Each structure stands twice: as structure tokens, then as C-alpha cells.
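Reading through the C-alpha cells given below for one structure.
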Amino acid sequence: MLQHQALVLLAALSARGASAFECAAEALEPSGAGFAPVPGRGGECLPALFGPHIPFNVDFDHALVRASPADGCSELSGAALGGSVALFVLSPSCSAVDAALRAQARGAVAAVFATRSEQPFWRSTAGWLSVAPSLSIPVLLVDHEFDRSALTGASHLRLRLAAHVLQDGVALTLQLAAERDAFFTYALPAAADLTVVVFASAGDPDLYGNTASTFEAVPLPPGTFTAQFQAAHPGDDMVQLTDATAGAYVWCVNAFSQPANFTIQLASGSAELELASGQPMRISVPRAEARYLKHRFALGAGGAHPALRFALTAYTGIVELWVCREFRASPEGDSACAWTT
């Protein structure tokens with residue numbers, strides 16, 4: 001069992017925003033002194049696998065300008081792009097990165113690519129790139145049907161990328177479609193051990209993470225191969241950091257090629273991971289160390305204790321299971337169970 005950490009952990013459903021999508025796009029229309037969403041003209045956007053992301057949890061509202069040429073495969077002409085979102089049609093014959101760089105050179109604040117009818121609406125449809133150091137604007141995808149029905153004639157566009165805040169003691173449960181991402185932020189106040197676990201109830205979600213000076217400075221993890229920390233194994237995934245540096249952490253769970261249902265938990269410092277009924281937890285344990293896990297349960301009628309069953313399966317090595325009704329720390333710093341089996 002792994003090193004001692006004393007968390008009160010994660011067991012609540014994720015609070016979802018008003019949108020059903022982790023990345024949402026909406027056509028805007030004039031309203032008073034500003035702009036407001038056009039009813040029925042909202043849909044999903046997907047961050048590309050390269051470039052920075054748009055700011056988390058804020059409305060990214062800008063004028064929308066259709067690029068000329070539409071695919072961006074040659075130098076752009078036509079309407080000015082300064083301060084606008086450039087809208088392209090994704091071409092199979094030239095690089096979306098090159099088109100985005102052309103929009104960036106003309107002052108665009110983001111590049112959005114609409115897929116063609118024969119192209120799947122996946123992040124990878126826009127291509128893969130390990131690094132794009134000269135690209136400083138976000139790149140996103142929208143579906144061709146959304147482009148046709150919602151963006152035709154639209155002069156402004158709102159983009160919004162969700163990021164869920166992780167806290168010690170709060171579990172988040174989400175569902176993702178194939179090739180979709182969910183982002184999570186966590187501010188570590190002081191150097192401490194840090195554990196992040198993803199429990200897969202369906203599909204094969206993968207876990208990626210980065211640190212940066214601010215949440216907005218973190219590059220998009222999946223597909224860019226720039227993730228500092230990652231766990232991309234079949235089933236559950238876990239990242240454990242010893243004496244992690246204080247600061248901003250952004251984690252991303254990627255559903256990869258199939259839909260995924262998962263719960264993500266985080267424990268920092270003197271925290272314990274919490275066992276949930278019927279949900280296996282896969283962890284690693286250094287030699288001669290212990291990992292403490294907590295399980296909370298409700299008393300039955302009249303204060304009766306429920307029947308509890310714990311099972312331990314060792315994939316490698318020799319491990320022992322101790323179950324405690326109470327837990328105490330000794331003056332010498334060692335910990336012990338008041339009652340064990």
C-alpha cells in the first residue's frame with residue numbers, strides 16, 4: 001500500500017455548465033449595445049491538436065470573418081481579419097496550421113475550421129503536430145452542418161471552453177463522446193505529493209497534465225506530445241508526483257477513439273483517496289510503503305452497520321490489506337489501525 005496521504009476525497013457529480021458541450025460555439029446577433037446568442041444556432045466546437053487553447057470558462061466573443069480563399073491554402077485576401085475569428089473550410093490538400101498562420105499574420109485572434117461533409121468531426125481531422133512554436137492563436141473545429149445552418153450570415157461568434165476545478169475531497173464524474181476532451185484545473189498552494197486518478201466505467205479515457213505559471217499558459221495536452229505527465233493505459237489511469245511544485249496544473253482527460261464514462265479524483269499533501277462502492281481502484285505502491293484509502297458508508301435503519309466486503313488483487317509483488325474502523329497516528333509518527341482484519 002502506498003505512501004501515507006490523508007485526503008477526504010472525491011465523491012460528487014460534476015457540475016456542468018449551461019452548455020451540453022465541453023467546447024461550445026454560438027452565432028451572435030446585435031443586442032442593445034452588444035451581442036447575444038441567436039436562439040437555436042449553437043453547437044459543438046473541438047480544440048485542434050495544436051496551438052494554444054482559448055481562455056477557460058469565459059465567453060470568447062469576436063467578429064467572424066470568412067477567409068478568402070476559403071481553405072486558406074494560399075495567401076489571404078479580402079476582408080481585414082484584425083481582432084476577428086477567421087473561418088475556414090478544412091482542406092484535405094493543405095495544412096490547417098499554414099492557414100492558421102496566415103490568419104494570424106493578418107491579425108486574427110483565432111482560426112476556426114469547418115469540416116467538409118465527407119470528413120469526420122474529430123480533433124485529428126485537422127491534423128497532428130508535435131509543436132507549432134510560431135502559432136500563437138487558438139485553432140478549433142466546427143462541424144460542416146453547424147457551419148451551414150448556424151454560421152451562414154453570422155457576423156459574430158462566441159466560443160467557450162469549459163475547465164472543471166479539481167478540489168481535494170470532491171469527485172467529478174463525466175461522459176465524453178469519442179475524440180473529445182475534458183479539462184480540469186488545480187492550484188497547488190505549496191509543494192506536496194500529488195495524485196490524480198481516472199476511473200473508467202466505460203471506454204478508455206487517458207490522462208494528461210501540464211504545469212505553467214497560469215492556467216491559460218498551459219498548451220493543449222492530448223495529441224501534441226507536450227504533456228509533462230501522462231497515463232494512457234487501458235482502463236484506469238493514475239499520475240503520482242512526489243513533492244510536486246506549487247502552482248497551476250491543468251489536466252486533460254481524452255476519450256480517444258470511443259465514448260468514455262469516468263470519474264476523476266485528486267489528492268494532494270496529506271490526503272487519502274476514497275473508495276466508492278462497486279468501483280475498483282488500481283494504484284501502485286512503492287516497496288515497504290503503504291497507501292491509505294478511505295470508504296464512507298451510511299448506517300442502515302436503527303443505526304445498523306451494512307455488510308462490507310473488500311477485495312485486493314495484486315498484479316505484481318506481495319501486498320497486504322488492513323481494514324480499520326478507526327485510524328490513529330502514534331507520537332512517533334507511525335500510523336496504526338485501532339482495529340484490523
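The values are calculated or read from the model by the stated rules, or taken from the named source; none is laboratory data. This structure is a prediction, so every number in the text was calculated from the model and none was measured. Surface accessibility is based on the protein's heavy atoms, side chains included, excluding ligands, DNA and RNA. Shrake-Rupley method; radii C 1.70, N 1.55, O 1.52, S 1.80 Å.
Comparing region 128-198 with the 2.2 N^0.38 Å rule of thumb, its C-alpha radius of gyration ratio is 1.59 (two decimals).
For region 86-216, the fraction of 1.4 Å probe accessible surface lying on carbon and sulfur atoms is 54 percent.
Using the heavy atoms of the protein chains and a 1.4 angstrom probe, tell me the accessible area per residue for region 228-267 in square angstrom. Provide the component values of the computation, followed by the final result.
Working: 1590 Å² over 40 residues.
With all protein chains present, region 228-267 gives 40 Å² per residue.
Computed over region 89-171, the range of Cα coordinates on each principal axis works out to 48, 33, 26 Å, biggest value leading.
Assign one of three labels to region 34-191, namely rounded, prolate or oblate, based on the Cα gyration tensor with a ≥ b ≥ c the square roots of its eigenvalues; rounded applies when a/c is under 1.5, prolate when it is not and a/b is larger than b/c, and oblate otherwise. Prolate is the answer for region 34-191, as a/c is 1.5 or above and a/b outweighs b/c. Across region 17-73 the C-alpha pair distances fall into 5 Å bins from zero in the proportions 4, 14, 20, 25, 21, 12, 4, 1 percent. For region 18-123, the solvent-accessible area works out to 42 Å² per residue, with a probe of 1.4 Å and every protein chain left in place. Its relative contact order, with pairs defined as Cα atoms under 8 Å and 6+ residues apart, puts region 26-66 at 25 percent.
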